[in-house]
Every structure is written in structure tokens, then in C-alpha cells.
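Read the structure below first, then the notes.
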Amino acid sequence: MNPPSRALGLAFSDARDASHAAGVVVRADGSPDGFAFARCTVGGTDATDAVIDCWRALDREDVRHVVCAGVAPAWFNILDLDRLSESLDRPVYAVSYEASPGLEPALRDAFDGEALADRLATYRSLPPRVPVDGTDSDRPRFVRAVGIEPERAAAAIRGLTRDGSRRCEPLRVAALAASAHREAVTGG
């Protein structure tokens, strides 16, 4: 599968009281083609809204896929991939880079009551993680995909990754933009 002609990459960079989201439109050749920024609460439940805010600010109908850096930015501010795919009317997938037993134990350590129940409900609604590069990779990448078959999302990630890099270009550029935006807004 060829990579999408344009993908929106989303990454977050945390400050003390807020997380700064960057949405970056990246063309298939890796060139950035638009930027948007939003904020969400560290430890809150509004990261999904921040992604939607970036999407609306960009107003780019030519974006074919939405790629998120993980599912738990901003200290367990869990992304609702189903809601994103439905709201944006695009395939949405999240990429992660570590083998993991899952977030439930960490969520239970950090939250209780309704805060825990809300996060667990969103987390449990996520599709399973699928390896992007096969199970024998020494630098694993995983994808959770909604609105697209996981194998097609994995192929798109591989197609958007430049030689020698572990991150696909939309996420690499979005992470740089999120950090730069946080530093500009917070002064460091």
C-alpha cells in the first residue's frame, strides 16, 4: 500500500499544567504542509477534544489519515480513537514503540472512582495493538487502528517512515512542533 497523499500527525508535549498538542499535515514525500496547535489538561480527559480542535483549525479535506503518537498523552488523558474516526470521518491510528502488558495496572495505580472508570472505559474501547514490523523486530512499533484494517495502517506507517527513522514523518514532525510550541508558550 502506498502511503496516504496527506496524513495528519498528532503529538503532545507536557508542561506542568497543560499539554500542548501539535497537528501537522505531512505529504507522502515527508514535507510538512500545515500546522495547528491546541491544549489539553495533564491528567484530564480532553486529549480527544484537542485532536479535534487541531483538525478543525487546519480545515483540510485533503488529509486522508490521522496518525496519533500513542493513546495516553498528557499523563493518561486517553484518546478515544472511535470518537476521533467518527468525528473526523477518516481512518485514525495510534502508534506506540514499547512492548507492554497494557495500561490498566498503571491506570489503577494513578486513579480511582469515576476518574478510573472513565479512563478504563475509553481504554477498553480501543482496538488491540498490532505489530507494524513483525514480531521479531528489535525496534518494535505497534498500531491500533479504527476505520482501516490494522495491516493497511501498518503499511501506511512503513510508507511514511524515512530510512533509519523509527517514527513515521507525521509523528516525528508533530513531536518537534509540539515541543517547540510548548517552549514558546511556557518559556522553556
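The values are calculated or read from the model by the stated rules, or taken from the named source; none is laboratory data. Only a predicted model underlies this, so the values are computations on that prediction, with no experimental measurement involved. Neighbour counts are summed over all protein chains in view; Cβ atoms, including those assigned to glycine, are modelled from backbone coordinates with ideal geometry. Just so you know, the surface numbers come from the protein's heavy atoms only, side chains and all, with ligands and any DNA or RNA stripped out. Shrake-Rupley method; radii C 1.70, N 1.55, O 1.52, S 1.80 Å.
What pairs come up if the first residue lies in segment 29-47 and is touching a residue at least 40 places away in the same chain (Cβ under 8 Å), the second is assigned to a loop (DSSP other than H, G, I, E, B) and open to solvent by 20 Å² or more (accessible area, probe 1.4 Å), and their beta carbons are under 8 Å apart, counting only those six or more places apart or on different chains?
G30/R162
Scan segment 129-154 residue by residue and report those that are over 18 Å from the mean Cα position of the chain (by Cα) and among the aliphatic types (A, V, I, L, M).
None - no residue of segment 129-154 is over 18 Å from the mean Cα position of the chain (by Cα) and among the aliphatic types (A, V, I, L, M), so the list stays empty.
Select from segment 117-143 the residues that are open to solvent by 60 Å² or more (accessible area, probe 1.4 Å) and either touching a residue at least 60 places away in the same chain (Cβ under 8 Å) or in contact with a Cys (Cβ under 6 Å, 6 or more places away or on another chain) (or both) and list them in ascending order.
Matches in segment 117-143: D118 only.
Can you work out which of the residues in segment 155-174 that are within 12 Å of the chain's Cα centre (by Cα) and open to solvent by 10 Å² or more (accessible area, probe 1.4 Å) is modelled with the lowest pLDDT?
Checked segment 155-174; the qualifying residue modelled with the lowest pLDDT is R167.
Considering only segment 10-17, I want to know if a residue exists there that is out of contact with any strand residue (DSSP E or B) (no Cβ under 6 Å at 6 or more places or on another chain) and among the basic types (K, R). It would help to see each step written out before you state the result.
Looking only at segment 10-17, we keep the residues that are out of contact with any strand residue (DSSP E or B) (no Cβ under 6 Å at 6 or more places or on another chain), and these are 14-17.
Right, trim to among the basic types (K, R) and you get 16.
Yes - at least one qualifying residue is present in segment 10-17.
For the list (1) touching a residue at least 60 places away in the same chain (Cβ under 8 Å); (2) in contact with a Gly (Cβ under 6 Å, 6 or more places away or on another chain), I need the number of the one condition that Y97 fails.
With (1) touching a residue at least 60 places away in the same chain (Cβ under 8 Å); (2) in contact with a Gly (Cβ under 6 Å, 6 or more places away or on another chain) applied to Y97, the lone miss is (2).
For segment 144-157, which positions are more than 11 Å from A94 (Cβ to Cβ) and in contact (Cβ under 8 Å) with a residue 60 or more places away in the chain?
Hits for segment 144-157 are G147, I148, R152, A155, A156.
Anything in segment 101-111 that is surrounded by 13 or more Cβ atoms within 10 Å (Cβ to Cβ) and out of contact with any Lys or Arg (no Cβ under 7 Å at 6 or more places or on another chain)? List them, or say none. So that I can check it myself, show each step before the final result.
Start the filter on segment 101-111 by keeping residues that are surrounded by 13 or more Cβ atoms within 10 Å (Cβ to Cβ), which leaves 103-104, 106-107, 110-111.
Answer for segment 101-111, where residues must be surrounded by 13 or more Cβ atoms within 10 Å (Cβ to Cβ) and out of contact with any Lys or Arg (no Cβ under 7 Å at 6 or more places or on another chain): L103, E104, A106, A110.
Only one residue in E114, E98 is assigned to a loop (DSSP other than H, G, I, E, B), of a type in the set (D, E) and loosely packed, with under 15 Cβ neighbours inside 10 Å, so which one is that? Don't jump to the end; show me each part of the working.
On the way: E114 fails: assigned to a loop (DSSP other than H, G, I, E, B).
Result: E98 is the single residue among E114, E98 that is assigned to a loop (DSSP other than H, G, I, E, B), of a type in the set (D, E) and loosely packed, with under 15 Cβ neighbours inside 10 Å.
Pairs, please: C-beta under 6 Å, at least 6 apart or cross-chain, first residue over 9 Å from G30 (Cβ atoms) and in segment 162-175, second surrounded by fewer than 21 Cβ atoms within 10 Å (Cβ to Cβ)?
R166/R139
For D133, indicate whether it is touching a Pro at 6+ places or on another chain (Cβ under 8 Å), modelled with pLDDT under 95 and either assigned to a loop (DSSP other than H, G, I, E, B) or within 23 Å of I78 (Cα to Cα) (or both). Quick ask: steps written out before the conclusion?
Values: touching a Pro at 6+ places or on another chain (Cβ under 8 Å): yes; modelled with pLDDT under 95: yes; either assigned to a loop (DSSP other than H, G, I, E, B) or within 23 Å of I78 (Cα to Cα) (or both): yes.
Criteria met by D133.
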